[in-house]
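First up is the structure itself, then whatever we jot down about it.
Every number in this text was worked out from the coordinates using simple rules, so none of it is lab data. Quick caveat, the model's predicted, so the values are computed rather than measured. Cβ sites come from the backbone with ideal geometry, for glycine too, and all protein chains shown count toward neighbours.
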Amino acid sequence: MNAKEQMVKKLNSHAVEVSLPSKLGYERIAMDCSACFAKMAGFAQDRIEDLKTAVAEACLNAIEHGNKGHPDTRVLVTMDFKDDRFSVCVKDNGKGISRIPRDKTVMRRIENLEPPKGLGTYLIKKLVDEVEFNNLTADGHIVKMVIKLTDKPLLSGKRQASGGTTI
Amino acid sequence: MEQPSEIALETIGDVTLFDIRGDVTALSEPFLNDAYTKAIDQGVVKILFKFKKDIYINSGGIALLIQILAETKKNNQQAGITGLSDHFKKIFNMVGITKFAKIYDSVEAALGQMSGGD
């Protein structure tokens, strides 16, 4: 087993968790942690950039909408790499996203140069291989995102959303 | 945590360069609006938004740019964008910003195409 394979084996058995204050700007820490982890797991730079933006947007939603910026709350970001799948779960204390705008609605607003509500969820859906919104738990809400190591680079901008809320 | 936006305006021929440094997020609104108001006061008709390659732009910042582009359209101004990393070029394409502002690979390329004429 070479050094890289040994590293991947180690990563397979250890998840990483980051706890963020509910304050704008701290999403940068989750971005950089996920980027570092994904780099160690062997992801190409373009996929790492996709992941960073998706993680940032999920954290922003958790800070602003889930926890409403309340100083007593935290955003928990859990990262795991197993079977060539890098997953990031972002948990807040909220009740989930009541209405996720459809892609067409977001794009129509942009085409009309109107403020695009739901741009964050739109970007997440486009940038990761799988996403699950609205996984409700007893004490909050989780967004789960996955990028696959074997997946081809994003060309068409089309990704699949699945799970709690079907889009 | 946030690196505040800083926008320097520079006039090159008939193009005004918005040299944007720092993060572009929802918190950048006063900086962008101030810069745009100055440009309007100066009667600017061509605006080139220059970003740093390692800039952090989130959905709040993209929404702000869309607001500014709406204003440029209303005011019959031409807008261009340069300095973006490949990732943000992809994002800007993905969200349709490129329908309202052309992306150029360099300031020189942008000035070459935007300068002169209408």
Just list whichever of A:Lys68/B:Lys99; A:Lys148/B:Lys90; A:Lys148/B:Lys73; A:Lys125/B:Lys50; A:Lys91/B:Lys73; A:Lys52/B:Lys99 have alpha carbons separated by over 30 Å in the model shown.
-> A:Lys68/B:Lys99; A:Lys148/B:Lys73; A:Lys91/B:Lys73
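About the Cα centre of the protein assembly as shown, how large is the charge dipole given +1 on each Lys and Arg Cβ and -1 on each Asp and Glu Cβ? Please answer in debye to the nearest 20.
Working: 39 positive and 37 negative charges, 172 e Å.
For the protein assembly as shown, the charge dipole is close to 820 debye.
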Under 18 Å Cα-Cα from A:Lys82, which aspartates and glutamates qualify once same-chain neighbours fewer than 8 residues away are excluded?
-> A:Glu5, A:Glu17, A:Asp129, A:Glu130, A:Glu132, A:Asp151
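What average number of partner chain Cβ atoms lie no more than 10 Å from the Cβ of the residues making up A:25-36? Spell out each step's value before the answer.
Working: counts 7, 2, 4, 6, 1, 0, 2, 0, 0, 0, 0, 0.
Whole-number average of other-chain Cβ neighbours for A:25-36 is 2.
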Once every DSSP H run of n ≥ 4 in chain A is given -39500 (n - 2.57) and the sum is divided by its residues, what mean residue ellipticity at 222 nm do you get, rounded to the nearest 500 deg cm²/dmol?
-> -11000 deg cm²/dmol
Hey, what number do you get for chain B at 222 nm if only DSSP H runs of n ≥ 4 count, each worth -39500 (n - 2.57), divided across all residues, to the nearest 500?
-> -12500 deg cm²/dmol
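Using only alpha carbon positions, build the gyration tensor of region A:63-128, then give the equivalent ellipsoid semi-axes as the square roots of 5 times its eigenvalues, largest first, whole angstrom. Walk me through the intermediate numbers first.
Details: eigenvalues 130, 75, 15 Å².
Semi-axes (√(5λ), whole Å): 25, 19, 9.
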Quick one: plug the Kirkwood hydrodynamic radius of region B:14-112 (C-alpha pairs) into Stokes-Einstein at 25 °C, 0.890 mPa s, and report D in µm²/s.
-> 183 µm²/s
Put in order of increasing Cβ neighbours within 10 Å, starting from the fewest, A:Met145, A:Met1, B:Met114 give A:Met1, B:Met114, A:Met145
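Taking the Cα centre of region B:1-89 as the origin, how large is its charge dipole in debye, to the nearest 20, when only Lys and Arg (+1) and Asp and Glu (-1) carry charge on their Cβ atoms? Write out the running numbers ahead of the final one.
On the way: 9 positive and 12 negative charges, 62 e Å.
Charge dipole of region B:1-89: 300 debye, to the nearest 20.
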Would you mind ranking A:Val55, A:Val106, B:Val24 so that the residue whose beta carbon has the fewest other beta carbons within 10 Å leads the list?
-> A:Val106, B:Val24, A:Val55
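Can you pull the mean other chain C-beta count within 10 Å for peptide B:56-66? It would help to have the intermediate numbers written out before the result.
Values: counts 7, 2, 12, 13, 6, 0, 5, 8, 1, 0, 8.
Mean number of neighbouring Cβ atoms from other chains: 6.
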Find how many whole Å separate the alpha carbon centroid of region B:72-118 from the alpha carbon centroid of region A:26-95.
-> 30 Å
Ignore the peptide's own chain and count Cβ atoms of other chains within 10 Å of each Cβ in B:81-91; give me the average, rounded.
-> 3
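What is the antiparallel percent of DSSP beta bridges lying wholly in chain A, to the nearest 5?
On the way: 27 of 29 bridges.
Bridges in chain A that DSSP calls antiparallel: roughly 95 percent.
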